[in-house]
Each structure stands twice: as structure tokens, then as C-alpha cells.
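The structure appears right after this line, and notes come after that.
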Amino acid sequence: MRRRMLLWWGLGLLAAAVLLGAVIVFGYSEPPGFDTWWNDFVSAHRGEAMVDFAMVLNAIGGGWIAVLAVPLLVVLALLLARRWRAAVFAALCFAASAGAVQILKHLFGRARPDDMIVASDFGSFPSGHTANAATIALVVWVLFPRVWTAIAGAVWIVAMALSRTFLSVHWATDTLGGALVGAATVLLLAAWLLPRVQGLRPPREPAPIV
């Protein structure tokens with residue numbers, strides 16, 4: 001994918017995330033109808049298997065595992081593969097995504113659902129777990145652009161998003177916002193760093209003809 005396309009996609013997804021948060025928080029006094037419907041539906045049909053599945057993803061998708069362990073493992077794997085540029089790119093993506101999530105959480109300060117099953121930090125929008133999942137998925141896809149990495153990444157993002165609503169720690173639109181933020185961060189950094197990540201140099205200007 002060309003750098004200009006990556007840039008426009010990244011800017012578009014980031015703008016969509018900010019606009020979504022602004023509309024939900026400042027445009028509605030109560031959660032939008034879809035958020036309320038989905039939360040009520042999940043609460044009424046929540047089974048033990050759903051909770052177990054969500055608790056596993058809650059553990060590996062957030063906290064020290066997602067913030068430290070997973071990024072360090074990805075960076076270490078890339079370093080062992082002698083792809084230090086890709087390792088730096090991945091580290092920057094993880095840090096930038098986490099920072100963007102916290103900025104938006106404090107900007108919007110959206111309240112979480114009342115029937116949470118697990119304790120969570122401040123701010124419901126965007127979902128940090130889903131943003132982490134999207135960041136990992138997009139980093140892998142940018143570094144290894146294959147159909148299977150795209151499919152696996154999409155499945156991982158959707159699974160994480162569903163797990164957050166299964167535990168009622170996020171509204172459905174929070175998970176959409178998290179996916180947008182995580183993907184946007186990676187695409188914007190890829191637009192800036194992709195030639196360096198791939199070890200490419202800009203073409204030299206042709207020598208003047210004397």
C-alpha cells in the first residue's frame with residue numbers, strides 16, 4: 001500500500017474515532033439506542049462459556065500483559081529475526097496507540113455500563129483492549145501483508161470487541177472507537193516510517209547531463 005494511501009486512511013480512521021466519541025458523548029444525554037439494546041441483549045443471554053471466553057481475553061488483552069509483555073515479545077521476536085527497523089516501528093505503534101487511547105478517554109470521560117462484571121479504569125470510550133488488539137493486528141499486517149494475516153487480525157479484533165461487551169465493561173460503540181484508534185495509529189506511523197521499516201532508500205535524483 002502506498003504511503004499516501006496509508007496516510008489518508010490513517011487520518012480518516014482517526015477522525016472517525018474522534019467524531020464518533022464526540023457525537024456519542026456530547027450529542028446524547030443517554031447511551032444511543034444500539035448501545036443500550038446490545039448491552040441488554042448480552043446481559044439477558046450471557047452464558048458461562050461467554051464469560052469464561054471474555055475473562056481470558058480480558059486478562060491477555062489488557063493490563064501488564066497487553067501493555068508490556070505482548071509488545072516486548074513482538075519487539076524481541078523482530079530483533080531475533082534481525083529486523084530492528086520493524087522492531088522500532090512496532091514499539092512506536094504500541095506506545096502511540098496506548099497514548100492516543102488515554103487522551104481520548106480523558107477527553108470524553110464516558111461512563112461505563114452499570115452492570116460491569118470486572119473492574120476497569122476511567123473512561124469507557126474508546127476501548128483500550130480493542131485498540132490493543134487492532135494495533136497488534138495492523139502491525140502484523142503491515143510487516144507481513146498477507147491474506148491470512150488480514151483475516152486473523154480481523155478475527156482477533158472482533159473477538160476482543162465482543163469480549164468487552166460480554167463483560168459489560170464497554171458499550172458496543174466503545175469497541176468500534178478502540179478499533180479505529182488502534183488501526184489509525186499504525187497506519188499513520190506506517191505512512192511515515194514504512195520505507196525505513198522495509199529498509200528502502202528514497203531514489204536518488206538522476207545526475208545532470210553535462
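The values are calculated or read from the model by the stated rules, or taken from the named source; none is laboratory data. In this text the structure is predicted, and so the values were computed from the model without any measurement. All Cβ positions, even for glycine, are placed from backbone atoms using ideal geometry, and neighbour counts span all protein chains on display. Note: accessible area is taken over every heavy atom of the protein model, side chains too, but ligands, DNA and RNA are not part of it. Shrake-Rupley method; radii C 1.70, N 1.55, O 1.52, S 1.80 Å.
The table that follows gives values for the structure above.
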{"read-out": "Members of region 164-187 that are more than 11 Å from residue 17 (Cβ to Cβ) and in a helix (DSSP H, G or I)", "value": "164, 165, 166, 172, 175, 186, 187"}
{"read-out": "Lone qualifier among 152, 159, 98, 134 - being open to solvent by 10 Å² or more (accessible area, probe 1.4 Å), under 21 Å from residue 77 (Cα atoms) and at pLDDT 95 or above", "value": "152"}
{"read-out": "Residue match in region 14-22 (condition: surrounded by fewer than 17 Cβ atoms within 10 Å (Cβ to Cβ), among the aliphatic types (A, V, I, L, M) and more than 22 Å from residue 104 (Cα to Cα))", "value": "no"}
{"read-out": "Selected residue [in contact with a helix residue (DSSP H, G or I) (Cβ under 9 Å, 6 or more places away or on another chain), buried (at least 18 other Cβ atoms within 10 Å of the Cβ) and hydrophobic (A, V, I, L, M, F, W, C)] from 107, 143", "value": "143"}
